[in-house]
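The values are calculated or read from the model by the stated rules, or taken from the named source; none is laboratory data. Quick caveat, the model's predicted, so the values are computed rather than measured. Ideal geometry is used to build each Cβ from the backbone, glycine not excepted, and the neighbour counts take in all protein chains shown. The protein model used for the area step is the full one, side chains on, heavy atoms only, and it has no ligands, DNA or RNA in it. Shrake-Rupley method; radii C 1.70, N 1.55, O 1.52, S 1.80 Å.
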Amino acid sequence: MSSTGKSPWIVHYDGSSCNGCDIEVLAATTPLYDVERFGVVNTGNPKHADILLITGSVNEQNVPVVKQIYEQMMEPKVVIACGACACSGGIFRDCYNTLGGADVVVPVDVYAPGCAIRPETIIDAVVKGIEILEQKRKALKNKTLVEPDVSRMQSARDKVVDGQTVAEIASNSTLE
Amino acid sequence: MSNKTVIPFGPQHPVLPEPIHLDLVLEDEKVVQAVPQLGFIHRGLEKIVEKRDYLHFVYVAERICGICSFGHSLGYSQAVEGLMGVEVPERAEYLRDIWQELSRIHSHLLWLGLLADGFGYENLFQQAWRLREIVLNIFEKTTGGRVILSVCNIGGVNRDIDNDELRAICDDLDKLLDGYKPITETFLDDASVHSRLDGVGYLSKEEAEDLSLVGPFGRASGLDNDIRSIGMGAYGKLAAFEPQLSNIGDGYARTEVRINEVVQSVQIIKELVSKIPDGPVYNKPKGNPPEGRFLTRVEQPRGEAVYYVKGNGSKFLERFRVRTPTSQNLAGLLKILQGCDYADVPLNILTIDPCISCTER
Ligand code: SF4
């Protein structure tokens, strides 16, 4: 259905960010940038959303939350990492409580740079996300899922923290 | 009626862009206790002071919180300057406080918008954020960044604002006030806003004092806690400074205090601009921080923040510690949540203007 194809709803989750990127995500929905004119609605409900915007890096405590939100979303879905922190851990990469970017937990489709990310970049990233969403939708019609390309995430996932790799920590943690 | 239910609130909740998690113990519709669970945004950035040298750490300190980013770089710089005995040029002190007051305006407008969103007044939310863009434009013009400014440095500021530009900023702020008046009228006089805020989260002055609340949260209960009154930096050059206080102590009072502070900040900026001296803006620090400690305070939009640094003679500081406003105010939040209606929980959380990322660092 082409008429429903171009207005994705987004859900935003703030990992361990400094807040700078979060307020820019919100600013993108307010009058100056106003993504709602493209039909992009910021929803609080993961089940309604097509695109997950993650700001901030992930740590042991929010790994299960990110995973849960991702799993609650319906296929097809797209993940956008907003800002340097979500892409790679950013300035907090070396902190003891930072595992890395969002891609250590969920497959990321679009990496949007910036510290803090600018609202224009967010809009660009969402537009890119729409394309990918479209591909996934087509694939889903043919009963296949587009497998995420995890090769570029591998080095982040192989990092060893406290004797475990980041990927192991991410897959072992659960919500209490 | 001793049937208690525990309802989890958050961490991902539409009312705040940040994750806050509370376990709410309910009896029917009343909250009897709220138990916070922290750590979702903990990064541990105090510790990397051992890995980044003291000049680079300004940029990390700035990212304690993206809303009061300028204030945090200011607090850290003040602490290191105190430790090293660096003299800050006078013009730089004025510029710092101008940026700091601009941050306060942007932070309060942001909060007013979130509050309006919290009680379902979408239009007001959009209007407040539209006005906020005026301040962000000023930031972008003067520093290049919208939320992370990277302009404060140890020994002064990285960029000067020339005097024409300063006057242009005052004009922009006048425009902001023109647009601000109608929305404040709605916030303060609209019956539906009153019905959502009156009596919400009442806290008496004694309670506020016992909990050592900081910032507008305490000031709305009549607690005079504004650090700007002691006159550090260019604040000492102001002809007069009257903290905005209220004796009502509820959500409405907190809104009123913050609304008045925006107007006050504009006046402060104008006064600073009229008095700013010419001169250099940066005095390069020499050598490494010596052995010793230093503690300083800054009035952030959300209240007093305390910065502590400990040097050991090398270029890496031994310890950096920050006590941020919200970590102090969380105790007040748990207090006002006791006995409130379940439906009012989001509003109660909003009225204290929580900043989780600086609480957890
Ligand atoms: S990328 Fe920069 S602005 Fe964004 S959350 Fe990270 S530190 Fe903050």
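Heavy atoms of the protein chains alone define the surface here; on that basis chain B has 36 Å² accessible area per residue at 1.4 Å probe size.
Remark on region A:42-62: accessible area falls by at least 40 square angstrom from chain-alone to full-complex state for A:44, A:61, probe 1.4 angstrom. Of all lysines in the structure, the ones whose alpha carbon falls short of 16 Å from that of residue B:310, not counting any fewer than 8 places away in one chain, are B:47, B:51. A Cβ-based charge dipole, computed about the Cα centre of region B:41-325 with Lys and Arg at +1 and Asp and Glu at -1, lands at about 1200 debye.
Counting only C-alpha contacts under 8 Å and six or more residues apart, can you give the relative contact order of region B:41-325 as a whole percent? The partial results should precede the final answer.
Numbers: 483 pairs, mean separation 80.3, N = 285.
Worked out over region B:41-325, it gives 28 percent.
Per residue, the accessible area of region A:3-172 comes to 41 Å², computed with a 1.4 Å probe over protein heavy atoms only. For the protein assembly as shown, the residue among B:194, A:56, A:45 whose Cα projects farthest onto the positive side of the dipole built from Cβ charges is A:56. In sequence order, region A:127-139 has phi-based couplings of 4, 4, x, 4, 4, 5, 4, 4, 4, 5, 5, 4, 4 Hz under the Karplus curve 6.51 cos²θ - 1.76 cosθ + 1.60, θ = phi - 60°, and Gly or Pro positions carry x.
Given +1 on the Cβ of Lys and Arg, -1 on the Cβ of Asp and Glu, and no further charges, what dipole in debye does the protein assembly as shown carry about its Cα centre, rounded to the nearest 20?
Dipole size: approximately 1340 debye.
Non-local lysine pairs in region A:3-172, meaning eight or more places apart or on different chains, with alpha-carbon distances under 15 Å, amount to 13.
Just name one of A:87, A:110, A:66: the one whose Cα is farthest towards the positive end of the charge dipole of region A:3-172 (beta-carbon charges, Lys/Arg +1, Asp/Glu -1). Value: A:110. For region A:3-172, the share of accessible area belonging to carbon and sulfur comes to 52 percent (1.4 Å probe, ligands and nucleic acids excluded).
Any chance you could check region A:85-114 for residues losing 50 Å² or more of accessible area when the partner protein chains are in, compared with the chain on its own (1.4 Å probe)? Buried by the other chains: A:91, A:92, A:94, A:95, A:96. The chymotrypsin sites (Phe, Trp or Tyr not before Pro) of region A:10-112 that meet both conditions, a loop assignment by DSSP and at most 14 other Cβ atoms within 10 Å of the site Cβ, are A:96. Between the amide H of residue B:304 and those of B:215, distances stay under 5 Å, these residues lying 5 or more places away or on another chain, with hydrogens modeled in the peptide plane. In a fully extended conformation the segment linking residue B:4 and residue B:247 would gain 84.1 nm over its present Cα-Cα distance, using 0.36 nm per residue.
Run the dipole for region A:3-172 about the Cα centre, Lys and Arg Cβ at +1, Asp and Glu Cβ at -1, nothing else charged, and hand back the magnitude in debye, nearest 20.
So the magnitude is around 520 debye.
3J(HN,Hα) along region B:29-42: 9, 8, 7, 9, 7, 10, 10, x, 10, 10, x, 5, 10, 5 Hz, from the Karplus curve 6.51 cos²θ - 1.76 cosθ + 1.60 with θ = phi - 60°, whole Hz, x for Gly and Pro. Using the Karplus relation 6.51 cos²θ - 1.76 cosθ + 1.60 with θ = phi - 60°, the per-residue 3J(HN,Hα) values for region B:60-65 come to 6, 4, 4, 9, 4, 8 Hz, with x marking Gly and Pro.
Placing a label point 7 Å from the Cα of residue B:288 along the Cα-to-Cβ direction, the residues of region B:307-323 whose backbone N falls under 12 Å of that point are B:311-318. Ignoring ligands, DNA and RNA, please state the percent of accessible area on region B:41-325 from carbon and sulfur, probe 1.4 Å. Carbon-and-sulfur percentage of accessible area, whole number: 47. Only DSSP H runs of four or more residues enter the estimate; each adds -39500 (n - 2.57), and after division by the residues of chain B the mean residue ellipticity at 222 nm equals -15000 deg cm²/dmol.
Close amide H contacts of residue B:32 (hydrogens built in the peptide plane, cut-off under 5 Å, sequence separation of 5 or more or a different chain): B:25, B:26, B:27, B:339.
Lysine pairs, Cα distance under 17 Å, 8 or more residues apart or cross-chain: how many in region B:118-276? Spell out each step's value before the answer.
Details: B:141/B:175; B:175/B:270; B:237/B:270; B:237/B:275.
For region B:118-276, the number of qualifying lysine pairs is 4.
With a 1.4 angstrom probe, the accessible area lost at the B-A interface totals about 3300 Å².
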